[in-house]
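To start, the structure itself, in structure tokens.
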Amino acid sequence: METLNVAQELERISTILKRDDIMVVRKRSGLKLVNVDIASQDIVLTICHQGTAKVLYDMREISFQKNSMSIIMPGHIIKYLEYSPDLVITRVFISHELFPELKAHLLSHGYDKFYLNPLCTLDDVQMERLLKIVDLLAHIADHDIRDLQLRRHLLIAQLSVGYEFVNYYRREQDKGIVLTHSSQLYNDFCNLVAEHYLESREVKYYAKLLHLSPKHFSKLITRETGGKSPADCIENFIVAHAKRLIDIKPECSLGEISYMLGFSEPSSFYRYFKRVTGMTAKQYRHLSRP
């Protein structure tokens, strides 16, 4: 069983993506990720080969099983609640810097569906085809631009092909999705927090963007999440991104990280982090890098 130090792994992934744009982690097992909030600024494709897992995606529970596949868009949060000892997954990390260019190449678009429901289940043939695309992505990513001048173009082209396959595979599943007003509202709220968290952490700010009164907005979100208020959601998001920055930027002081998160003063960030997590940011940094 392979164990994982989350801080070191996130730092390693961030470093590789800056250099290579794509990172493929094949058939990893034995991950110790329960109750760890993972906020990625990049796209994360997860493929389940065997076993099961329960995950919170933006505070909504989703379940993985064999042949399950998820695409988590930039800025959203996942947390592993539990998983079976035999869980084996492949993950593909795609730099957020490729996303604008990738969107321009997609034929069918419709990527918003992955904000609403990141998970789908493939049959064996579909899974085999998807894994061949992943293998080719890994092969292209292994090359340096000096020996493969069209490397970035090839990555974009292969990612576009992979997306079109997945979009086609999940068409039947998408027909069964019943989107209520409150679920659409929650999805829009999560996307807005991912986009604007550096500008505001106030519930009224997001209620205004959604053209709702703060009271009505809070009522709808709390009902949709089963008891979590918009303030809870915002705090969960901010702290998850704070932990990500602490993990991937060991060279930065906590004060510098507070400014990266939009806090006007480090002391405000320190109080915020401790109130939400029950520990200081300094304690978290120490515990995350034993």
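Is it true that Phe263 is more than 22 Å from the chain's Cα centre (by Cα) and under 28 Å from Ser182 (Cα atoms)?
no
Are there any pairs, at least 6 apart or on different chains, whose C-beta atoms fall under 6 Å, with the first in the stretch 240-251 and aliphatic (A, V, I, L, M) and the second not in a helix (DSSP H, G or I), and if so, which?
Ala240/Asp37; Ala240/Ala39; Ala240/Ile77; Ala242/Leu261
Phe189 is checked against (1) in contact with a Pro (Cβ under 9 Å, 6 or more places away or on another chain); (2) free of Cβ contacts under 8 Å to residues at least 24 places away in the same chain; (3) surrounded by 14 or more Cβ atoms within 10 Å (Cβ to Cβ) and fails just one. What number does that condition carry?
For Phe189, the failing item is (2).
Please verify whether the stretch 194-201 includes one or more residues that are surrounded by 15 or more Cβ atoms within 10 Å (Cβ to Cβ), of a type outside the set (Phe, Trp, Tyr), at pLDDT 90 or above and part of a helix (DSSP H, G or I).
no
So which residues in the stretch 125-157 are among the polar types (S, T, N, Q) and modelled with pLDDT of 90 or more, if there are any at all?
Gln126 - this is the single residue of the stretch 125-157 that is among the polar types (S, T, N, Q) and modelled with pLDDT of 90 or more.
Under 25 Å from Tyr80 (Cβ atoms) and either at pLDDT 90 or above or of a type in the set (Asp, Glu) (or both), is that true of Val239?
Against the criterion (under 25 Å from Tyr80 (Cβ atoms) and either at pLDDT 90 or above or of a type in the set (Asp, Glu) (or both)), Val239 qualifies.
Inside the stretch 81-119, can you point out the residues that are outside any loop (DSSP other than H, G, I, E, B), within 25 Å of Asp21 (Cα to Cα) and touching a strand residue (DSSP E or B) at 6+ places or on another chain (Cβ under 6 Å)?
Correct list: Val88, Ile89, Thr90, Arg91, Val92, Phe93, Ile94, Phe114, Leu119.
Is there a residue in the stretch 167-182 that is touching a Lys or Arg at 6+ places or on another chain (Cβ under 8 Å), closer than 18 Å to Tyr111 by Cβ, acidic (Asp, Glu) and in a helix (DSSP H, G or I)?
yes
Among residues belonging to the stretch 253-267 that are surrounded by 14 or more Cβ atoms within 10 Å (Cβ to Cβ) and without any contact (Cβ under 8 Å) to a residue 40 or more places away in the chain, point out the one that is nearest to Ala231 (Cα to Cα).
The residue in question is Phe263.
Spot the failing condition for Lys215; the list is (1) within 21 Å of the chain's Cα centre (by Cα); (2) modelled with pLDDT of 90 or more; (3) not hydroxyl-bearing (Ser, Thr, Tyr), and only one is missed.
Checking Lys215 against (1) within 21 Å of the chain's Cα centre (by Cα); (2) modelled with pLDDT of 90 or more; (3) not hydroxyl-bearing (Ser, Thr, Tyr), the one that fails is (1).
For the stretch 161-220, give me each residue that is hydrophobic (A, V, I, L, M, F, W, C) and in contact with a Leu (Cβ under 6 Å, 6 or more places away or on another chain).
Correct list: Leu185, Leu192, Leu209, Leu220.
Can you tell me which residue is modelled with the highest pLDDT among those in the stretch 158-193 that are under 29 Å from Phe217 (Cα atoms) and charged (D, E, K, R)?
Asp188
Select from the stretch 203-237 the residues that are touching a helix residue (DSSP H, G or I) at 6+ places or on another chain (Cβ under 8 Å) and outside any helix (DSSP H, G or I) and write down the one among them that is surrounded by the fewest Cβ atoms within 10 Å (Cβ to Cβ).
Ser213
Could you check the stretch 93-121 and list, in sequence order, the residues that are at pLDDT 85 or above and touching a Ser or Thr at 6+ places or on another chain (Cβ under 8 Å)?
Answer for the stretch 93-121, where residues must be at pLDDT 85 or above and touching a Ser or Thr at 6+ places or on another chain (Cβ under 8 Å): Phe93, Pro118, Leu119, Cys120, Thr121.
The values are calculated or read from the model by the stated rules, or taken from the named source; none is laboratory data. If you're wondering where the values come from, they're calculated on a predicted model, not measured in any experiment. In this analysis, Cβ positions are derived from the backbone assuming ideal geometry, glycine residues included, and neighbour counts consider all displayed protein chains.
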